[in-house]
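Worksheet for the structure shown next.
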Amino acid sequence: MDDDSGGLAEDRTADLDQGRMRILDAKPVNLDGFSVTNPDLGLVAMHSPFDPEPSLRISDGPEGRRVVELDGKGADQFDVIDEFIALYGLDLDVAEEAMAMDDQALARMTVDFNVPRSEVVRLVAGLTPAKLARVVALLSPVEMQMAMTRMRARRTPSNQAHVTNQLDDPLLIAADAASAVAYGFREVETTVPVLGDAPSNAVALLIGSQVGVPGAMAQCSIEEALELRLGLRGLTSYAETISLYGTEQVFVDGDDTPFSKAILTSAYASRGLKMRVTSGGGAEVLMGAAEKCSILYLESRCVSLARALGSQGVQNGGIDGVGVVASVPDGMKELLAENLMVMLRDLESCAGNDNLISESDVRRSAHTLPVLLAGADFIFSGFGSIPRYDNAFALSNFNSDDMDDFLVLQRDWGVDGGLRTVPVEHLARVRRRAATAVQAVYRDLGLADFDDERVDAVVVANGSRDLDPGDPKAVAEAATAIEAKQLTVFDVIASLKRTGYDAEADAIMALTRERLRGDQLQTSAIFDDEFRVLSKITDPNDYRGPGTGYALTAERRAEIDAIRQARTAEELTADQAEHHGHVGFDDVEIARQGSDPREVCIGLSPALGRSVWLSLCGLTVGEVLRQISAGLEEEGCVPRLVRVRSTIDVGMIGLTAARLSGSGIGIGLQGKGTALIHRRNLAPLANLELFSVAPLLTDRMYRELGKNAARHAKGMAPIPIFTGGTDESISARYHARAVALVALEREASEPGQPPMTVRMSR
Amino acid sequence: MKPEDFTVDAAVDGNLSLADLRMDPATLAHQAVVAEEGGNPQLAENFLRAAELALVDDEDVMGLYEALRPHRSTAEELEALRVSLETRGAARCAELVRQAAAAYARRGLLR
């Protein structure tokens, strides 16, 4: 809207202080930063006017075929990224065919499940970065999800956790790793606030990650060279923070080139370490060197490069630059496109979501949900399995206090996000075992001596703020000792065995043994808890339309459904028994028509005072009736209780009572507390006053209801009863319980039986 | 050593060492075939480079990585590295170094 008042009243300054706007201003979403699109700074999501036109020229020379032009640049203009993609990244046998195809035709193939996945993969292998970005940009968010569902490499989705704490406390790392694998995470990732602590974190994570459920892979994300050294000694089993960037400037600022990354990639494989690279949009913008290109195009370069390097997978779609991406229009869509491009290049997708995208719960949920629904090899490349403050990476998009929300979301949608509910008893057992295992190994290897009180504190700690900081040098000294002794995975295994942790020793040895077979180096590989490899090779995505592809087994379905908050109807009504018989109802006679003009009948539902004793607001039915009766009496009326046996409908109960009542006014009351005032000559659904939100009612309101019924009986005007409204989700909080109570009413109802006058006794 | 030789008892007895963590080049060559058949020749190429590095000591692997980082090496140093890799039978890694040297010279990334 423009500022033209268009004949409306002139602005009054005071009118601009809008109450509703003040509420909006205070909402968390308005703590987020939003940027106006600006290609000069790279602040543009899907397409920049400066993105190159897709192009590819291949020349046949004496040394074979080679790329002489890539996305508008001749070979002599190639930067190191172009150079590496031109050398290794493209399938030149298919490139001519693929590059000649219409963008829209290619985009349609990505979502058309009648086109085999392998055919899409074959063609995409011949697409340049600019071409793939254009194709993906044509898709709507829903189409992207469809494409992800069918294009991800592994059939079975999985999930990865961050396990860190501010103290680098090894016992806590181990306990949290054990919790993480209990929840179902198949990769756990740690890092350090203090670099020198890294070897200790790696050892603690390795041990903790094999407690209870074996086979999860573990990594310690630190400076590239030190990380590789820990991996070479077998103390980690995968790596993923091998960073790629979409422009040469930022790449070199990051102290690497595609060629050094290629050696790093091969170095990891040479020691049996699974490895993926990290990219993720926004980094180039943050580093001030986006070369005016769109975030999507630069990320497409990264993904092409990842494939060229021979990395089996990519972590992207919401990494460190996520705030930049989310600040521009189409930002969240771009993040989803990043994941999709990885899948289209036939690589493992570790789908980001590992950086808190927004202060708003609505926005951060909106970021993760499409990935959860579509499925990815890893839904999160780091779900914060620890409290926000303990996350030494950055806050994740979901953190330990979001675990119940995530488990409920899996159940709501019937989708597999890789996680499951864990009973508190199990958590207590595995946390204690993990903490004591690390305590024992650190003592055995002479690294550190943590006392039993520390173990006790760690087992129950939410995070490091619940722990005494302890000796600040202990962890650093343990890490130094690990380095000084050059401890290897074999030393850790031997120590676990010596100290009686046979299961963990066996698990880590099995992990080491399997690693030397190399099957876990293939695309999208994870180990299940029996050390079987699930990968693109052994568990390929076979989605070919509805009814195909990954489906929950009955066992997995039950696991997802069984959240700890679910209750049976019996459990939801168990508290009724506690109030059984607090008042008694004795039948007097089949109800007759009253004649006293001061009489107001109170119609009771079938189960009230028979199987339902407690209303939803927490008042007993006896107290509710006492208040209503008192209200009637205060206004000079006489209550009569009538059991309406044939219906559970509160409108009909009230109308029945009104028809029997001498005054022609009646009150209907259900056991759960819903109440209304009725008059004998009204239609069943047209009552005089209704208390429909039973959970919000109070004793005072029931008394006012009685008074108003009496006023109606006397022909006086009632006094409005204001409940004040509520911000609570009444439906979400109470409907499960209401359904259980209604079932009791239904069970107690006696169709065809006439109303009965009853007397209440205490 | 075969994977079956990797037992907890062997670790306790001190019969396993760092060198045992290197992959058997034949295993990596096999994985390269699997990757190639799976339609990912780049992954296969990586495994073949890895097969070469599996025979190289940790420190030399670290040295190779360091030499390829930007502004670390002169053209002569990269050429010497290439020759030494070639001599050791690491032809693919040698070729990568040759390609890097050419690109670094053009892009000003040599020392």
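The values are calculated or read from the model by the stated rules, or taken from the named source; none is laboratory data. These figures come from a predicted structure and were not determined experimentally. Every residue, glycine among them, receives a Cβ derived from its backbone with ideal geometry; neighbour counts consider all protein chains shown.
On the given criteria, is A:SER535 crowded, with 20+ Cβ neighbours inside 10 Å, on the phi > 0 side of the Ramachandran plot and not β-branched (Val, Ile, Thr)?
Values: crowded, with 20+ Cβ neighbours inside 10 Å: yes; on the phi > 0 side of the Ramachandran plot: no; not β-branched (Val, Ile, Thr): yes.
So A:SER535 fails the test.
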message = Can you find a residue that is touching a Pro at 6+ places or on another chain (Cβ under 8 Å) and of a type in the set (Val, Ile, Thr) anywhere in segment A:210-232?
response = no
Close pairs (7 angstrom Cβ cut-off, 6 or more residues apart or separate chains): in a loop (DSSP other than H, G, I, E, B) in segment A:151-163, of a type in the set (Val, Ile, Thr) anywhere = A:ALA153/A:THR523; A:PRO157/A:ILE379; A:VAL163/A:ILE173; A:VAL163/A:VAL188; A:VAL163/A:THR190; A:VAL163/A:ILE386
inquiry  = Quick check on this structure: which one of A:LEU106, A:LEU87 is within 14 Å of chain B (Cβ to nearest Cβ), closer than 30 Å to A:ALA147 by Cα and part of a helix (DSSP H, G or I)?
reply    = A:LEU87
query = When segment A:616-641 is examined, which residues are found to be in contact (Cβ under 8 Å) with a residue 24 or more places away in the chain, in contact with a strand residue (DSSP E or B) (Cβ under 9 Å, 6 or more places away or on another chain) and within 29 Å of A:ALA740 (Cα to Cα)?
reply = A:THR620, A:VAL621, A:GLY622, A:VAL624, A:LEU625, A:ILE628, A:SER629, A:ARG640, A:LEU641
task = Determine which single condition B:PRO41 fails, assuming it passes every other condition in (1) more than 7 Å from chain A (Cβ to nearest Cβ); (2) touching a residue at least 24 places away in the same chain (Cβ under 8 Å).
result = (2)
key: helices (runs of 4 or more DSSP H) lying entirely in segment A:459-522 (those with 1 or more residues that are in contact with a Lys or Arg (Cβ under 6 Å, 6 or more places away or on another chain) and either crowded, with 22+ Cβ neighbours inside 10 Å or of a type in the set (Gly, Ala, Ser) (or both))   = A:502-517
message = Just the residues that are more than 7 Å from chain A (Cβ to nearest Cβ) and touching a Lys or Arg at 6+ places or on another chain (Cβ under 7 Å), please, taken from segment B:44-55.
response = B:LEU48, B:GLU52
message = For segment B:30-38, check the following and say yes or no: at least one residue is part of a loop (DSSP other than H, G, I, E, B), facing chain A (nearest Cβ under 7 Å), surrounded by fewer than 19 Cβ atoms within 10 Å (Cβ to Cβ) and without any contact (Cβ under 8 Å) to a residue 40 or more places away in the chain.
response = no
remark   = Just one listed residue, out of A:ASP519, A:ASP491, A:ASP452, is in contact with a strand residue (DSSP E or B) (Cβ under 9 Å, 6 or more places away or on another chain) and over 22 Å from A:ALA182 (Cβ atoms), and it is A:ASP519
ask   = touching a residue at least 40 places away in the same chain (Cβ under 8 Å), part of a loop (DSSP other than H, G, I, E, B) and over 30 Å from A:ARG711 (Cβ atoms) - does that describe any residue in segment A:565-572?
value = yes
ask   = Pick from A:VAL588, A:VAL583: which is closer than 20 Å to A:ALA694 by Cβ, surrounded by fewer than 20 Cβ atoms within 10 Å (Cβ to Cβ) and modelled with pLDDT of 95 or more?
value = A:VAL583
query = In segment A:374-409, which residues are surrounded by fewer than 24 Cβ atoms within 10 Å (Cβ to Cβ) and either under 23 Å from A:ALA558 (Cβ atoms) or among the acidic types (Asp, Glu) (or both)?
reply = A:ASP401, A:ASP402, A:MET403, A:ASP404, A:ASP405, A:PHE406, A:LEU407, A:VAL408, A:LEU409
task = May I ask you to list pairs of residues, at least six apart or on different chains, whose Cβ atoms are under 8 Å apart, with the first in segment A:350-376 being more than 16 Å from A:VAL325 (Cβ to Cβ) and the second being hydrophobic (A, V, I, L, M, F, W, C) and in a loop (DSSP other than H, G, I, E, B)?
result = A:CYS350/A:ALA376; A:LEU372/A:VAL415; A:LEU373/A:VAL415; A:GLY375/A:VAL415; A:ALA376/A:ALA351
ask   = Does segment A:110-118 contain at least one residue that is away from chain B (no Cβ under 14 Å) and among the aromatic types (Phe, Trp, Tyr)?
value = yes
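Could we say that A:PHE34 is in contact (Cβ under 8 Å) with a residue 60 or more places away in the chain, outside the structural domain of A:GLY282 (by TED's automatic domain parsing) and either in a helix (DSSP H, G or I) or more than 30 Å from the chain's Cα centre (by Cα) (or both) here?
When the stated conditions are applied, A:PHE34 does not pass them.
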message = For a quick check of your reading: which helices (runs of 4 or more DSSP H) sit entirely within segment A:311-410 and have at least 2 residues that are among the charged types (D, E, K, R) and in contact with a Gly (Cβ under 7 Å, 6 or more places away or on another chain)?
response = A:331-344
message = Cβ-Cβ distance below 9 Å, separation of 6 or more or different chains: which pairs start in segment B:92-108 with a residue that is not assigned by TED's automatic domain parsing to the domain that holds B:GLU45 and end on one that is surrounded by fewer than 18 Cβ atoms within 10 Å (Cβ to Cβ) and aliphatic (A, V, I, L, M)?
response = B:ALA94/B:VAL83; B:ALA101/B:ALA75; B:TYR104/B:ALA75; B:ALA105/B:ALA75
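Looking at A:THR164, A:THR110, which is the one that is within 15 Å of A:MET341 (Cβ to Cβ) and surrounded by 24 or more Cβ atoms within 10 Å (Cβ to Cβ)?
Answer to the selection: A:THR110.
Condition check ((1) assigned by TED's automatic domain parsing to the domain that holds A:ILE537; (2) in contact (Cβ under 8 Å) with a residue 60 or more places away in the chain; (3) assigned to a loop (DSSP other than H, G, I, E, B)) across all residues:
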| site | (1), (2), (3) |
| --- | --- |
| A:MET144 | no, yes, no |
| A:ASN165 | yes, yes, yes |
| A:ALA175 | yes, yes, no |
| A:ALA180 | yes, yes, no |
| A:VAL192 | yes, yes, yes |
| A:GLY196 | yes, yes, no |
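Kindly provide the set of residues from segment A:224-249 that are among the aliphatic types (A, V, I, L, M), under 16 Å from A:VAL492 (Cα atoms) and outside any helix (DSSP H, G or I), ordered by number.
Once the filter is applied, which keeps residues that are among the aliphatic types (A, V, I, L, M), under 16 Å from A:VAL492 (Cα atoms) and outside any helix (DSSP H, G or I), segment A:224-249 yields only A:LEU235.
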ask   = Out of all the residues in segment B:60-92, which are acidic (Asp, Glu) and at the interface with another protein chain (Cβ under 10 Å from one of its Cβ atoms)?
value = B:GLU66
request  = Please verify whether segment A:37-48 includes one or more residues that are in contact with a Pro (Cβ under 9 Å, 6 or more places away or on another chain), acidic (Asp, Glu) and outside any strand (DSSP E or B).
outcome  = no
remark   = Taking segment A:249-274 and the residues there that are more than 7 Å from every other protein chain (Cβ to nearest Cβ) and in contact (Cβ under 8 Å) with a residue 60 or more places away in the chain, the one that is nearest to B:LEU55 (Cα to Cα) would be A:LEU273
task = Identify, by number, the condition in (1) away from every other protein chain (no Cβ under 14 Å); (2) assigned to a loop (DSSP other than H, G, I, E, B) that A:ALA133 doesn't meet.
result = (2)
